[in-house]
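The values are calculated or read from the model by the stated rules, or taken from the named source; none is laboratory data. Just so it is clear, the structure is predicted and the values come from calculations on it, not from any experiment. All Cβ positions, glycine included, derive from the backbone under ideal geometry; neighbour counts span all protein chains shown.
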Amino acid sequence: MARALTIAGFAIPDLERIQILCDPRNTASRRIPERLGYRLTETRIGEESGPGGKPQDTAVYVLTAEQFEAEWGGV
């Protein structure tokens, strides 16, 4: 699903980057962007609201249009 959404996203003209956000403690969720070539750019500490409104950390993965073209061949 994430692969299909990445391809569809970069089909939009002038889109420069796509982000995937996930809980940094969830290794299965982190593997998805990592396998697709997204790069971990930051981990936001306590900036997002989790269940019950409690602050939680968020891992931010980014894939740029330039990386997409180079690594995926623009599919």
Subset of the stretch 35-56, residues surrounded by 15 or more Cβ atoms within 10 Å (Cβ to Cβ) and either modelled with pLDDT under 95 or not aliphatic (A, V, I, L, M) (or both), comes to Y38, Q56
Restricting attention to the stretch 1-34, and to residues there that are of a type in the set (S, T, N, Q) and under 12 Å from A59 (Cα atoms), which single residue is surrounded by the most Cβ atoms within 10 Å (Cβ to Cβ)? S29
